[in-house]
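The values are calculated or read from the model by the stated rules, or taken from the named source; none is laboratory data. These numbers were taken from a predicted model, which means no experiment stands behind them. No Cβ is skipped: glycine too gets one built from the backbone with ideal geometry, and neighbour counts run over all protein chains shown. Ligands, DNA and RNA are excluded from the accessible area calculation, which covers all protein heavy atoms including side chains. Shrake-Rupley method; radii C 1.70, N 1.55, O 1.52, S 1.80 Å.
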Amino acid sequence: MYKRQVPNVTITQKDPAALNALFYGRLLIADARAKAIVVGAVDEWNLTYHLTYERLRVLKTLTKPGYVLAEGCSVVLLEDGASARSRGARAWARLAGTASAGSPVSPQQRRARPEEIAATIRAALADAGIPPTRVGPVPAPANAVPWVCIF
């Protein structure tokens, strides 16, 4: 019996893991290594992390901004446009462009460098063929930390 080989990759990189998984999935489709791929992400609450963040006094309270720890999961099907059209599927969105960049900052520092973020966003827009003037405010995270939002 013929068994089809399919990629199975787990990416764990803290905060950007979900976006890196999406980026990797798009590369698999762009390189014709897959016609469709399921990309998922999960973030689980962890007592050790919670106690550590609590001890560092960086959790959100009624009187100060900070991190909000929670659990969540998302799954998205990425599919080559021709493959989706051939089966009559209706696309909900189009992943038009991607870019990735590193930053020589400790993951515990948690301070975004606006110029590096802006350069990466411009690279993704260029990949999509979209001028930056067509983009409005972009709220990056949903974890209630104002200094890592992009506006």
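One table, with the values for the structure above:
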{"quantity": "Rounded percent of accessible protein surface that carbon and sulfur make up, region 34-88, 1.4 Å probe", "calculated": "57"}
{"quantity": "Length added when fully stretched, residue 120-residue 93, from 0.36 nm per residue minus Cα-Cα", "calculated": "7.6 nm"}
{"quantity": "Hz values of 3J(HN,Hα) by residue in region 49-57 - Karplus curve (6.51, -1.76, 1.60), Gly and Pro given as x", "calculated": "4, 4, 5, 5, 4, 5, 5, 6, 6"}
{"quantity": "Length gained when the stretch residue 100-residue 42 is fully extended (0.36 nm per residue, less Cα-Cα span)", "calculated": "18.8 nm"}
{"quantity": "Inter-label distance for residue 62 and residue 85, nm, one decimal - labels placed 7 Å from Cα along Cα-to-Cβ", "calculated": "5.7"}
